[in-house]
Amino acid sequence: MKDLPARRLLLVHAHPDDESINNGVTMARYAAEGAHVALVTCTLGEEGEVIPPDLAHLAADREGGLGDHRIGELAAAMRELGVTDHRFLGGPGRFRDSGMMGTEQNHRPGAFWAAGLDEAAGHLVRVIRSLRPQVLITYDPDGGYGHPDHIQAHRVAMRAADLAADPAYGPDAGAPHTVAKIYWNRVPRSVAEEAFARLRRTAPDAFPGIAEIDDVPGVVDDALITAEIDGSAHAGAKTAAMRAHATQIAVDGPFFALSNDLGQPLFTTEYYELARGVPGGDDGSREHDLFAGVPDEDLAPGAQA
Ligand SMILES: CC(=O)N[C@H]1[C@@H](O[C@@H]2[C@H](O)[C@H](O)[C@@H](O)[C@H](O)[C@H]2O)O[C@H](CO)[C@@H](O)[C@@H]1O
Ligand SMILES: [Zn+2]
């Protein structure tokens, strides 16, 4: 077992593609700076729609196989971001994509939405106690846009952070560890409005339609934003990572669309709300480093891969 770098970031996401859409430049930046970046994806995205016609046969209501295919898409996306530690919660296929809210897939055996919270969180506690991350990123309580797997990923991540810190929990799951800072993915409304205005102005016909601002996960009033990560130096890596998720995402320059063909902005500054922990800034201004404020004694090797 080898010691990991002093700075360790853990991201918890629902499906392959969410990590690149929400945190592509953040992951690329910290990986490039030598921090250890670990991604836990909770499902394989088996119920997703498929954009390229020549891959349509992979869909769950056709031949199936989309989940296995998306494992490969995720691996390709991680190579573009320089991230080498990416895992599936409980192992590949342990929890199945639950489909959109209100669909019958929500209640299928194995669906992540139907999983027991503590059973699912127990898998993540082991990851937290071995990696010992100082920073964790996940969704807000609504999962960004209400998808059941996103909501469940939020619940599992927050519950696992609580259990990992509890000395009375799981003595066989590793030594207790408290994650110093937990962030939720956010987009400030003013930034979203300006980006959509630019999309309508410069590329009105790039896609068959244009999404609504509130279709963008996590859009909130600017006042709720506590950190911003300018990843313009890593814009190419994020774009390439999103392109790697070819069954789910179509990229056109600084814009993209999901399988609904509705154009939306590709953000190269990523925004966060500090949900737990002490902010690094001292005057209430936004942080520009997610590890800001983490005590020096916590920024040390000693975790295990
Ligand atoms: C970004 C994200 O969370 N994608 C999920 C989502 O996919 C959407 C879903 O298929 C919807 O029906 C489409 O209109 C939309 O364009 C898709 O992005 O839900 C899928 C099923 O749970 C999931 O596999 C996909 O990763
Ligand atoms: Zn998702």
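For this structure, a couple of remarks:
- HN-Hα J in Hz across region 201-215 - Karplus 6.51, -1.76, 1.60, θ = phi - 60°, x for Gly and Pro: 6, 9, 9, x, 10, 4, 9, x, x, 10, 5, 8, 3, 6, 7
- Over the chain, Cα pairs under 8 Å with separation of 6+ residues give a relative contact order of 24 percent.
- D (Stokes-Einstein, µm²/s), Kirkwood Cα radius, the chain, 0.692 mPa s at 37 °C: 168
- Coupling constants for region 3-9 follow from the phi torsions by the Karplus curve (6.51 cos²θ - 1.76 cosθ + 1.60, θ = phi - 60°), and in residue order they are 5, 9, x, 5, 9, 9, 10 Hz; glycine and proline get x.
- Expressed as a whole percent, the accessible area of region 83-203 that falls on carbon and sulfur atoms is 55 (1.4 Å probe).
- Relative intensity, log₁₀ I(q)/I(0), of region 93-248 from a Debye sum that treats every alpha carbon as a point, q = 0.10, 0.14, 0.15 Å⁻¹: -0.49, -0.92, -1.02
- Rg over Rh for region 256-305 works out to 1.17, both radii taken from alpha-carbon positions and Rh defined as the Kirkwood radius.
- Probing with 1.4 Å while keeping every protein chain in the model, the per residue accessible area of region 8-276 equals 38 Å².
- Helix-only CD estimate at 222 nm, as mean residue ellipticity for the chain, using -39500 (n - 2.57) per DSSP H run (n ≥ 4): -9500 deg cm²/dmol
- Amide H contacts of Ala227 (H built 1.01 Å from N, in plane; Pro and chain starts excluded): Tyr272, Leu274, Glu287 sit under 5 Å, all sequence-distant by 5 or more or on other chains.
- A Cα-only calculation for region 35-166 places Rg and Dmax at 15.1, 49 Å.
- Taking amide H as placed 1.01 Å from N in the peptide plane, the amide H of Phe88 sits under 5 Å from that of Thr41, each at least 5 places away or on another chain.
- Vicinal HN-Hα couplings computed from phi for region 266-275 (Karplus, 6.51 cos²θ - 1.76 cosθ + 1.60; Hz; Gly/Pro x): 9, 7, 10, 10, 10, 10, 9, 10, 6, 8
The values are calculated or read from the model by the stated rules, or taken from the named source; none is laboratory data. From a predicted model like this one, the values you see are computed outputs, not experimental measurements. Calculation scope for accessible area: heavy atoms of the full protein, side chains included, ligands and nucleic acids excluded. Shrake-Rupley method; radii C 1.70, N 1.55, O 1.52, S 1.80 Å.
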